[in-house]
Amino acid sequence: MARTAVVSGGGTGIGLAVAERLAAQGDDVILVGRREDVLAGAAERIGERASFCAADLETVEGAHDVLQHASERAGRIDVIAAVAGGNVAAKAPEDLPKGLERTSWSWTANLRLNVMTAVHLVEGLKPILNDGGRILLFSSIAAFRGSGSGSYGASKAAMHPYAVDLSAELGARGITANVIAPGYIEDTEFFGTAMTEQRRTMLIGQTHNQRPGRPDDVAALAAWLASPEAGHVTAQIIQANGGALAGR
Ligand SMILES: NC(=O)c1ccc[n+]([C@@H]2O[C@H](COP(=O)([O-])OP(=O)(O)OC[C@H]3O[C@@H](n4cnc5c(N)ncnc54)[C@H](OP(=O)(O)O)[C@@H]3O)[C@@H](O)[C@H]2O)c1
């Protein structure tokens with residue numbers, strides 16, 4: 001029987017690559033994001049194994065919508081990949097005064113986008129997660145070395161103890177919880193128009209394999225962690241960064 005995976009951020013970038021790979025391996029996938037048209041396009045690209053649920057996971061209501069969709073579509077689920085996230089630090093409203101107001105906005109917004117979207121998704125779906133299930137959280141190289149604002153790296157670092165606690169809570173049921181921390185990954189919407197050729201060259205130069213990461217690099221790791229054979233790997237933070245930051 002096919003497993004069912006719920007992938008937040010499944011309409012673009014890393015989340016889409018994760019969903020495509022899981023579907024190619026025979027899983028049914030439920031894509032979650034806020035933009036219905038983007039999700040519809042992604043689901044069409046994946047084919048009959050995909051459905052989608054447009055929901056804002058910063059809200060509890062969004063998590064309820066995903067639970068309802070997953071319950072109706074599949075009854076129970078096997079994989080939760082909480083990929084949705086991003087860095088809002090540079091996107092503060094222009095009329096916001098510089099200083100404490102702007103800093104407070106940036107921290108609150110990044111915590112909502114990166115922590116609460118994952119918490120709402122995982123906690124909302126936990127009641128229908130099967131024994132032997134897989135939980136994947138998404139951190140970043142920024143959780144280890146910062147990203148300039150403090151708020152993005154800190155929000156990603158919150159995934160690390162969350163995975164450990166989920167693993168301890170659910171491990172007796174054969175459920176694993178792990179974190180993937182990517183380095184610089186191209187072909188996503190993450191950087192918007194902010195990436196310059198100079199910065200790109202600098203980021204690639206930090207890697208040992210002298211290339212940018214691609215969504216498929218991360219998806220391959222995610223698919224293995226989500227597989228039944230990965231049952232003894234849990235409570236881990238696994239980096240995918242081409243050597244830009246050594247394991248720790
Ligand atoms: N690209 C990199 O270099 C890199 C490096 C390290 C870590 N990461 C992490 O990898 C993950 C995936 O990012 P990406 O690179 O693939 O960028 P991306 O293409 O911008 O993907 C982010 C996804 O999250 C969804 N999303 C954002 N806010 C949401 C919300 N409130 N509710 C539901 N869905 C929401 C977006 O869809 P909607 O806008 O339609 O909601 C989008 O599909 C993120 O957690 C990011 O922090 C990325």
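The values are calculated or read from the model by the stated rules, or taken from the named source; none is laboratory data. In this text the structure is predicted, and so the values were computed from the model without any measurement. As a convention, Cβ positions derive from the backbone with ideal geometry for all residues, glycine included, and neighbour counts pool all protein chains shown. Just the protein is used for accessible areas: all its heavy atoms, side chains included, with ligands, DNA and RNA removed. Shrake-Rupley method; radii C 1.70, N 1.55, O 1.52, S 1.80 Å.
Numerical summary
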| item | result |
| --- | --- |
| Close pairs from segment 19-40: first within 14 Å of the ligand (Cβ to nearest atom), partner of a type in the set (Phe, Trp, Tyr), Cβ under 7 Å, at least 6 apart | Ile30/Phe52; Leu31/Phe52; Leu39/Phe52; Ala40/Phe52 |
| Helices (runs of 4 or more DSSP H) contained in segment 121-176 and holding at least 3 residues among the hydroxyl-bearing types (Ser, Thr, Tyr) | 151-157 |
| Any hit, segment 199-220, residues being of a type in the set (Gly, Ala, Ser) and away from the ligand (no atom under 12 Å from the Cβ) | yes |
| Considering residues of segment 179-194 that are near the ligand (Cβ under 6 Å from one of its atoms) and of a type outside the set (A, V, I, L, M) only, the residue nearest to Ala143 (Cα to Cα) | Pro182 |
| Strands (runs of 3 or more DSSP E) contained entirely in segment 1-107, each with at least 2 residues that are closer than 23 Å to Arg173 by Cα | 4-8, 28-33, 77-82 |
| Verdict on Gly192 being closer than 21 Å to Ile14 by Cα, out of contact with any Gly (no Cβ under 8 Å at 6 or more places or on another chain), modelled with pLDDT under 95 and not in a strand (DSSP E or B) | yes |
| Test: residue in segment 179-195 that is open to solvent by 20 Å² or more (accessible area, probe 1.4 Å), aromatic (Phe, Trp, Tyr) and closer than 16 Å to Ala81 by Cα | no |
